[in-house]
Amino acid sequence: MSINQLKLDKKFTIAVHGGAGTISKKSMTPEKEAAYLKALDDALKAGFDILVKNLDALEAVKAAVIELENNILFNAGKGSVFTNTGTHEMDASIMDGKDLSAGAVAAIGNVKNPIELAYTVMKKSEQVFLIGKGAEEFAKQNGIVFEPDEYFYSEFRYKQLLRTQENNETALDHNVDPDFYSAIPKTFGTEDKEKKFGTVGAVACDANGNLAAATSTGGMTNKRFGRVGDSPIIGIGTYANNKTCAISCTGHGEPFIKAIAAYDVSCLMEYKGLSLEEAMNIVVMDKLMKIDGEGGMIGVDAKGNASLIFNCEGMYRGFCSSDGKREVTIYK
């Protein structure tokens, strides 16, 4: 069914992101850029096809994020970065704006699609947030698909881990150019290198005005001590409320946690009467920047309006709505 054939009363929209940060066009090969754009387009299609069938926004964001988790280009699911011990610890969260139900998981290993597990926590448990071995046991009891370590391995991610360990630093995801690290003097710190925050996420408004948001990440390369960022925390990396908006964030997790970033957008809309774009601009371009919070977020409201805002050089992003508007892009 084409968009022009739709007779639904309300506009519906989906937006996705695949990370934000210092994403330089000069460092991006045409082939890699095309691969990223196709991956974003595939995720949009996966979610939009569900909205076209007049199905729920929650199912749409889950489908879109699964598509991104299955793509090795992004730091989530299959493409997750390595921890200090050479393992993968993944985080994810999902929220339904109809009733504020939510599910989240953190520090899980070998789960093929962490967003599927977060969704299952929401639907099949009395809890909101499960972590580590307990979350993995819950996953096994509920038939969630696991994959061996080899599924999550990529040569580039492993080389990145070795470089960050050599310099005793933590990397905020991977550089666009796999050979870039080897060309940089060892005395240079992370801030001197191109970096990308590779969290993935999706937000949607369905034809009934229901909102949903989902976010998934592999975290930071060489992370230690069970570090967890903003992505799995409801109200910070992910938030949805039919009264206001659905938000998914990507960026340097610690400042986003301090700013309570996703929920703050909703608060500005609910209590100050701001539009989605106005509220997102305040949080991303003012509040976060004052505390060195680099990154961005995507959002939709109950009227199907979308906004994709970031305070860095680029964000892998796209949106599609039933009024025929569509965009998939990377740079400012």
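Structure notes:
- Beta carbons closer than 6 Å, at least 6 apart along the sequence or on distinct chains, pair a first residue in region 111-126 that is touching a residue at least 24 places away in the same chain (Cβ under 8 Å) with a second that is charged (D, E, K, R) for LYS112/GLU147; ASN113/GLU69; ILE115/LYS62; TYR119/LYS62.
- Hey, ALA102 modelled with pLDDT of 90 or more and in contact with an Asp or Glu (Cβ under 6 Å, 6 or more places away or on another chain) or not: no
- Criterion (more than 24 Å from VAL111 (Cβ to Cβ), at pLDDT below 95 and part of a helix (DSSP H, G or I)) met by exactly one of LYS10, LYS32, LYS38: LYS32
- Residues being closer than 19 Å to ALA261 by Cβ, assigned to a loop (DSSP other than H, G, I, E, B), of a type in the set (S, T, N, Q) and modelled with pLDDT of 95 or more - total across region 183-239: 1
- The one condition in (1) at pLDDT 95 or above; (2) farther than 30 Å from GLU166 by Cβ; (3) out of contact with any Lys or Arg (no Cβ under 8 Å at 6 or more places or on another chain) that GLU116 fails to fulfil: (3)
- Looking at region 61-169, the strands (runs of 3 or more DSSP E) lying wholly inside it that each contain 2 or more residues that are within 18 Å of the chain's Cα centre (by Cα) and not aromatic (Phe, Trp, Tyr) sit at 90-96, 102-108.
- Strands (runs of 3 or more DSSP E) enclosed by region 241-332 - at least 3 residues per element that are buried (at least 17 other Cβ atoms within 10 Å of the Cβ), at pLDDT 95 or above and in contact with a strand residue (DSSP E or B) (Cβ under 9 Å, 6 or more places away or on another chain): 245-251, 295-301, 306-310, 314-321
- Note on region 17-29: residues that are out of contact with any strand residue (DSSP E or B) (no Cβ under 8 Å at 6 or more places or on another chain) and in a helix (DSSP H, G or I) amount to 2.
- Residue selection: VAL176 fails the criterion of being of a type in the set (A, V, I, L, M, F, W, C), out of contact with any Phe, Trp or Tyr (no Cβ under 8 Å at 6 or more places or on another chain), assigned to a loop (DSSP other than H, G, I, E, B) and modelled with pLDDT of 50 or more.
The values are calculated or read from the model by the stated rules, or taken from the named source; none is laboratory data. Quick caveat, the model's predicted, so the values are computed rather than measured. Cβ atoms come from the backbone with ideal geometry, glycine included; neighbour counts cover every protein chain shown.
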